[in-house]
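We did not get these values from a lab; they are worked out from the coordinates using the rules stated. This structure is a prediction, so every number in the text was calculated from the model and none was measured. Glycine gets a Cβ as well: all are built from the backbone with ideal geometry, and neighbour counts include every protein chain shown.
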Amino acid sequence: MIYRSRFSTLLAGALVTLASLDTALAQTPAAKPEPVPPPADVAKPPADAVKTTSGLASKVLQPGTGQERPGADDLVTVHYTGWTTDGKMFDSSVARGTPSTFPVNRVIKGWGEGVQLMVQGEKRRFWIPQELAYAGQASRPQGMLVFDVELMAIVPSPTVAPPDVAAPPSDAAKTASGLAYKVLKAGTGTTKPTRRSAVTVHYSGWTTDGKLFDSSVMRGQPASFGLDEVIAGWTEGVQLMVIGEKTRFWIPERLAYEGKSGSPRGMLVFDVELIAIK
């Protein structure tokens, strides 16, 4: 994280695993969601489904509006519902009402392969053979699984550092404190947070050698905190932003962890998207 006294390590149990799609793609809901009715062809792929060499079958239900397809290292935001072939729903972000974000290479094989066939805005039905799903794991859905998936967004993997991670580019602005920044995406809001505000953000942080050390994007869940609780570079920088804005910050060590033991050293680079001000 970006707190003054500590930070959370990216891989400290936060990433989703291949062993569990239904628990990895979303948090456990407080109440059991209402089942989404199964499709009429849930029992087996129809004649017009397309099959890959692995045995994965799919059918486009709604064409997409995008052009690019996600890669194995990218993250995707999706709405989805999964059924067994007897029509029993076992997981659904649609029923929970909240899309899920996850790395493509951290889910069952059928998902990893299938989502890479899609473009943004597309909705597709997948029939995933057992060997590409849970492969008979105990306490997991058995047999072939059927998923309806809508690809809502593709997010480049933060494990690939930005090209200007080593130093601020010539078009970066700089404050009197030495904080450098560059707006990557203009915001839609007009109000900026104050030092006493609490904010919700998505962020990724790298050292100047390109090593990712923390990322809410990889965890698939935004972070919320008070601006008076975090490192000085964050406190100053986020106050420059409006809701919807995405900005890259180059934070000198004196505005970051100042050599604190167990914390990243030197200048740090953060991509921050301001989601909400409380």
Roughly speaking, what is the stretch gain from Ala176 to Arg196, that is 0.36 nm per residue apart minus the C-alpha to C-alpha distance, in nm to one decimal? 5.1 nm
Largest first and in whole Å, give the semi-axes of the stretch 127-216's equivalent ellipsoid, each being the square root of 5 times a Cα gyration tensor eigenvalue. 41, 19, 14
Give the lysines reachable from Lys185 as a straight Cα distance under 19 Å; neighbours fewer than 8 places away on the same chain don't count. Lys174, Lys246
Which residue, Ala72, Ala176, Ala43, has the most motion in a Gaussian network model of the chain that connects Cα atoms within less than 10 Å? Ala176
Give the residue list of trypsin sites (Lys or Arg not before Pro) in the stretch 73-115 that are DSSP loop and have at most 16 other beta-carbon atoms within 10 angstrom. Lys88
Over the stretch 173-277, equivalent-ellipsoid semi-axes from the Cα gyration tensor in Å: 20, 15, 13
Please compute one quarter of the surface area of the Cα convex hull for the stretch 21-155 and express it in square nanometres. 7.8
Can you spot the lysines whose alpha carbon is less than 25 Å from Lys59's alpha carbon? Ignore those fewer than 8 places along the same chain. Lys44, Lys51, Lys88, Lys109, Lys123
Quick check on the chain: what are the equivalent-ellipsoid semi-axes from the Cα gyration tensor, as sqrt(5λ), descending, whole Å? 40, 18, 18
Mind checking which of Asp73, Asp228, Asp48 has the largest fluctuation in a GNM of the chain, springs on alpha carbons under 10 Å? Asp48
Relative contact order computed over the stretch 56-142 (Cα-Cα under 8 Å; 6+ residues apart), in percent: 42
Which aspartates and glutamates does Lys192 reach when only Cα atoms under 14 Å apart count, and residues fewer than 8 places away in its own chain are ignored? Glu236, Glu245, Glu273
Give, rounded to the nearest 20 debye, the magnitude of the charge dipole that the stretch 21-155 has about its Cα centre when Lys and Arg contribute +1 at Cβ and Asp and Glu contribute -1 at Cβ. 180
Within 10 Å of each candidate Cβ there may be at most 13 other Cβ atoms; applying that plus a DSSP loop requirement, which GluC sites (Glu not before Pro) in the stretch 201-258 survive? Glu258
